[in-house]
Amino acid sequence: MLIESLFMFVRMHPLRIFQLFAWVLHGKAYFKRRIADAVAPDASTLPYNRALLRWLESQRAGGAALVLATASDQRIARDIAGHLQIFEGVLGTEDRNLASRNKRDVLVARYGRLGFEYVGNSRADLAVWEAASVVHVANPDRGVLAAAAKFGRMGQLFDERAGQLGVLRKALRMHQWAKNLLVFVPLLAAHRLMELPVLANGLLAFFCFGACASSVYLLNDMFDLADDRKHRSKCHRPLASGALSVWHAMFWIPALLVVAFAVALLWLPLMFSVVLLGYYFLTLAYSMWLKRIVMLDVVILAMLYTVRVIAGAAAISHAPTFWILAFCIFIFLSLAFVKRYTELYDAKDRGDSAKAPGRGYLPSDFELLASLGGSAGYLSVLVLALYVNDAAAQILYHHPHWMWMACPLLLFWLSRVWLIAHRGQMHDDPIVFALRDRVSRWVGVAFVMVFILAAI
């Protein structure tokens, strides 16, 4: 709860971030109290271990007295207890941090040594289990279950988590790495994909962007926990649902970032690292502030896609052309509008009239977004058509007239995307939709074949 509250505080009060350093100097209890003064997580949306709750309810029905003893701030603990309605008492952090030995001492003073059973999950709970009559474990951290078993008073184990490798893969959004294929666009456009050194740079750039993007996805999910838990589909994300521990996220966020920049600095041109750094800070600004500013958010989303193309050009020390940049900004602006349109359509379909959580749009704005998004998509087709007649296309392609076939293909695909969105059948992410949709995949193959025919 402290980690979640910290991220909520930074998101809601970014200009007060330096106060955290002053508060922590006064000790953990004071630090937690000041954080709780500023933000309060919604207890009704928090992820709970359902198997544990069912067991606790059965114990309560059998006459057991249940007490919520936690290192979280007392007010947060009371909110959670008030929501669950199963605890007779609440012990939380007030004047001293109620963790580890401090918690054990309070419980022993109240109930005596071996006078209580205790359910915990972390190494901080080992000191409490040492004084408990029965050791119950819920969603244990690595190595905790084995350490708890040494006390020889094992009770119940409540662990509903799925395989952590699959959960981590989902949290890192590995399927979203498909977006990073955009780094190969400059290689394809320059007809240099078959040059092995250039291809190697492209593959390294793809990996670096993937690792950096996954780090940002985790960071974004940490900032958006409160909003995601209220969303119809995002509530199933690993962090929002509790399948992935916030402590695991705290490890992977910096680890992935370090790996991405280490590889970039060691094996790719310096300009690529500069572009990657720009992408990271732009994404960070988007996650914390910019995505709440109406219209600016979709422009930034389009820019984040386009930056991948610029990074691909930087990886092979090749300047991106005007045509590529113009085409990318318009088509990705259209897809960004699809993303927002889908969110607003769902909100309107549910009868919501208020602003979407974490966004600045009203559900009634969805018709305007459709108009703007469709126009942006068709502008990308116009840019492609103009490129066909440009002198650069005449040089690179032996039969540039074949590229005219790409225009109706793109018109068909964009029109179909907006039609599906209009019918309320679009995925939250149009890129994910394109990867899963059979028609989209065939259009993509045909699009590539058109340019191959133009080149040979």
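The values are calculated or read from the model by the stated rules, or taken from the named source; none is laboratory data. Being a predicted model, the structure only gives us computed values, none of them experimental. In this analysis, Cβ positions are derived from the backbone assuming ideal geometry, glycine residues included, and neighbour counts consider all displayed protein chains. Surface accessibility is based on the protein's heavy atoms, side chains included, excluding ligands, DNA and RNA. Shrake-Rupley method; radii C 1.70, N 1.55, O 1.52, S 1.80 Å.
The residue pairs whose first member lies in segment 268-296 and is over 13 Å from Ala213 (Cα atoms) and at pLDDT 95 or above, whose second member is exposed (fewer than 15 other Cβ atoms within 10 Å of the Cβ) and not hydroxyl-bearing (Ser, Thr, Tyr), and whose beta carbons are closer than 7 Å, counting only pairs six or more residues apart or on different chains, are Ser273/Leu265.
The criterion of being acidic (Asp, Glu) and either farther than 23 Å from Asn121 by Cα or buried (at least 16 other Cβ atoms within 10 Å of the Cβ) (or both) holds for Glu195. Within segment 90-117, being open to solvent by 50 Å² or more (accessible area, probe 1.4 Å) and of a type in the set (Gly, Ala, Ser) holds for one residue alone: Ala109.
Per-residue answers, yes or no, for (1) at pLDDT 95 or above; (2) more than 22 Å from Gln59 (Cα to Cα); (3) touching a helix residue (DSSP H, G or I) at 6+ places or on another chain (Cβ under 6 Å):
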| residue | (1), (2), (3) |
| --- | --- |
| Gly82 | yes, no, no |
| Thr93 | yes, yes, yes |
| Ala127 | yes, yes, yes |
| Val137 | yes, no, yes |
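Of the listed requirements (1) assigned to a helix (DSSP H, G or I); (2) surrounded by fewer than 18 Cβ atoms within 10 Å (Cβ to Cβ), Val383 misses just one: (2).
Okay, residues lined up against (1) free of Cβ contacts under 8 Å to residues at least 12 places away in the same chain; (2) among the charged types (D, E, K, R); (3) touching a helix residue (DSSP H, G or I) at 6+ places or on another chain (Cβ under 6 Å):
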| residue | (1), (2), (3) |
| --- | --- |
| Ser364 | no, no, no |
| Glu367 | yes, yes, no |
| Ser380 | no, no, yes |
| Val388 | no, no, yes |
| Tyr397 | no, no, yes |
| Trp402 | no, no, yes |
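Applying the condition of being surrounded by 14 or more Cβ atoms within 10 Å (Cβ to Cβ) and of a type outside the set (A, V, I, L, M) to segment 359-374 and asking which residue is modelled with the lowest pLDDT yields Arg359. Taken together, Ala249, Ala264, Ala211, Ala205 contain a single residue that is at pLDDT below 95, in a helix (DSSP H, G or I) and of a type in the set (Gly, Ala, Ser), which is Ala249. Scanning segment 232-246 for residues that are of a type in the set (Lys, Arg) and in a loop (DSSP other than H, G, I, E, B), we see that the one that is surrounded by the fewest Cβ atoms within 10 Å (Cβ to Cβ) is Arg232.
The rows are residues; the columns are (1) in a helix (DSSP H, G or I); (2) open to solvent by 20 Å² or more (accessible area, probe 1.4 Å).
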{"residue": "Ala393", "(1), (2)": "yes, no"}
{"residue": "His401", "(1), (2)": "yes, yes"}
{"residue": "Met405", "(1), (2)": "yes, yes"}
{"residue": "Leu414", "(1), (2)": "yes, no"}
{"residue": "Val417", "(1), (2)": "yes, no"}
{"residue": "Gln425", "(1), (2)": "no, yes"}
{"residue": "Leu435", "(1), (2)": "yes, yes"}
{"residue": "Ser440", "(1), (2)": "yes, no"}
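Do you know which of the residues in segment 447-456 that are touching a residue at least 40 places away in the same chain (Cβ under 8 Å) and of a type in the set (A, V, I, L, M) is surrounded by the fewest Cβ atoms within 10 Å (Cβ to Cβ)? Going through the qualifying residues, I end up with Ile456. Inspect all residues belonging to segment 54-69 and state whether any of them is within 29 Å of Tyr111 (Cβ to Cβ), among the polar types (S, T, N, Q) and at pLDDT 95 or above. Yes - at least one qualifying residue is present in segment 54-69.
Is it true that Ala77 is more than 24 Å from Lys32 (Cβ to Cβ), open to solvent by less than 40 Å² (accessible area, probe 1.4 Å) and within 28 Å of the chain's Cα centre (by Cα)? It is false that Ala77 is more than 24 Å from Lys32 (Cβ to Cβ), open to solvent by less than 40 Å² (accessible area, probe 1.4 Å) and within 28 Å of the chain's Cα centre (by Cα).
If I go through segment 118-132 residue by residue, how many of them are open to solvent by 40 Å² or more (accessible area, probe 1.4 Å) and of a type outside the set (A, V, I, L, M, F, W, C)? So the count comes out to 3.
Of all residue pairs spaced 6 or more apart or on separate chains, those with beta-carbon atoms under 7 Å, a first member in segment 424-437 that is more than 16 Å from Ile331 (Cα to Cα) and a second member that is not in a helix (DSSP H, G or I) are Asp428/Ser233.
The helices (runs of 4 or more DSSP H) located wholly in segment 1-63 that include 1 or more residues which are touching a helix residue (DSSP H, G or I) at 6+ places or on another chain (Cβ under 8 Å), within 16 Å of Gln85 (Cα to Cα) and open to solvent by less than 30 Å² (accessible area, probe 1.4 Å) occupy 50-61. Arg33 meets all of the listed conditions (1) under 27 Å from Val135 (Cα atoms); (2) modelled with pLDDT of 95 or more; (3) not aromatic (Phe, Trp, Tyr) but one, namely (1). Of note, His236 satisfies the criterion of being within 24 Å of Asp42 (Cα to Cα) and without any contact (Cβ under 8 Å) to a residue 60 or more places away in the chain.
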